[in-house]
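First up is the structure itself, then whatever we jot down about it.
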Amino acid sequence: MRQSIFIFLALVLVGAVVFTFWFSGENTNHAASSTSTGIPVSSNSPEHHVENNFSNTLSGSKFSIPLCPRSIWGYAYVYPNETLTILLYPSIDYLRNTTFVDLYLGNISISYSTSDVLSMTNSSGVAGRVPLPIYLRFSSPGREISITGNALLLQLWKGESIVNESSVPMWLYFQVAFVKPEGIHLKFGKYSSLYTSFKKGVDTFKYTATITNLYNKPITIENVSFPLASLQVYPKPPDIKVVNFNLINTTSNETLNKLPPNSTALLRVVVSVPSNVDGLYFKPKLVFKIGDESLAVPAPPMEYVRVVDCG
């Protein structure tokens with residue numbers, strides 16, 4: 001049985017571990033992608049350029065927290081059929097001397113070889129940990145989907161025996177837009193996709209993305225919406241805030257009130273993270289105005305991980 005699983009995974013999982021599940025009637029499938037990690041690191045999805053800015057990570061080989069972050073809060077505004085990637089970071093030492101790893105979310109599970117997971121060690125931006133991606137896709141336009149308090153369970157096997165297990169609670173909200181990418185004439189370029197923090201207490205990070213206006217009129221950015229507080233009623237969510245946002249001229253570094261046609265600027269968003277958050281998935285709804293019309297579009301995703309809490 002275990003040999004069959006290994007052969008199957010060797011064929012379909014090349015350089016990544018894929019967790020595919022059905023949730024609330026939505027099919028979540030693996031889409032071919034390559035993920036970089038760092039402090040911060042830009043996406044390397046098609047038409048995006050990668051920028052690796054690694055800083056020193058926590059040293060040491062023993063970890064009291066097997067999975068990092070210990071919990072995840074988040075909101076994502078997505079296009080229909082857009083694929084999202086959420087990363088967990090299990091400790092290398094926690095995975096060693098095991099044969100297989102099982103992941104469970106609700107009544108869905110997937111098994112894979114520990115050696116496949118450990119082969120990704122060099123792609124991690126967090127010392128002593130492996131980036132373990134979960135791929136999500138929600139297809140129905142206009143739907144709101146939530147994963148609230150459900151624990152993602154990681155179970156370790158050696159032979160036919162379970163030797164350890166741990167879990168991560170998640171409070172994630174997804175809103176699927178009615179619009180499709182081909183109906184929106186904005187182009188997102190390089191963006192920051194991961195920020196790892198070594199700070200305790202209240203923290204802030206900058207979310208950035210380049211935007212090109214392909215309309216024949218100037219646009220203005222009206223809002224960068226992250227409505228977690230209005231979606232999560234109980235338990236009360238952490239006080240995650242968009243402090244401010246603006247458009248920056250990439251040449252002069254001046255703030256722009258409007259983005260002219262066929263020009264590119266940097267969207268810069270400052271986000272405040274309270275002390276009780278060590279994992280955050282940030283994919284805001286970007287509201288812009290062209291002429292007298294306001295449109296809402298999905299912005300690129302970013303993850304925040306408080307590494308200081310992972311040791």
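Any read-out appearing in this document is the output of simple, stated calculations on the displayed coordinates, not a laboratory observation. Since the model is a prediction, treat every value here as computed from it, not as a measurement. All Cβ positions, glycine included, derive from the backbone under ideal geometry; neighbour counts span all protein chains shown.
At-a-glance table
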| quantity | calculated |
| --- | --- |
| 5 angstrom amide H check on Ser71, placed H, neighbours 5+ away | Asp278, Gly279 |
| Residues Leu153, Leu95 arranged by fewest to most Cβ contacts within 10 Å | Leu153, Leu95 |
| ³J(HN,Hα), Karplus 6.51/-1.76/1.60, whole Hz, each residue of the stretch 147-152, x for Gly, Pro | 10, 10, x, 5, 8, 7 |
| Proximal lysines relative to Lys158, as straight alpha-carbon distance under 22 Å, when same-chain residues fewer than 8 apart are discounted | Lys62 |
| Sequence-distant lysines (8 or more away, or on other chains) whose Cα lies within less than 16 Å of Lys217 | Lys187, Lys258, Lys289 |
| Under-5 Å amide H pairs with Ile219, H placed in peptide plane, nonlocal only | Leu259 |
| Cut-off under 5 Å, modelled amide H: who pairs with Glu82 long-range | Phe138 |
| Under 23 Å from Lys236, Cα to Cα: lysines that are on another chain or at least 8 residues apart | Lys200, Lys283, Lys285 |
| Karplus-derived 3J(HN,Hα), 6.51/-1.76/1.60, for each residue of the stretch 74-79, Hz, glycine and proline x | x, 9, 9, 9, 10, 6 |
| Sites matching GluC sites (Glu not before Pro) across the stretch 107-198 that sit in DSSP coil, with at most 14 neighbouring C-beta atoms within 10 Å | Glu160 |
| Relative exposure of Ile65, Ile219, judged by other C-beta atoms within 10 Å (fewest first) | Ile65, Ile219 |
| Radius 15 Å from Cβ of Val233, net charge of other residues (Lys, Arg +1; Asp, Glu -1) | -1 |
| Karplus-derived 3J(HN,Hα), 6.51/-1.76/1.60, for each residue of the stretch 304-310, Hz, glycine and proline x | 10, 10, 8, 5, 4, 8, 9 |
| Lys, Arg +1 and Asp, Glu -1 on Cβ, resulting dipole of the stretch 181-309 about Cα centre, debye, nearest 20 | 160 debye |
| Inter-label distance for Ser294 and Leu231, nm, one decimal - labels placed 7 Å from Cα along Cα-to-Cβ | 1.9 nm |
| Summed residue charge, Cβ within 14 Å of Val243's Cβ, Lys/Arg positive, Asp/Glu negative | +1 |
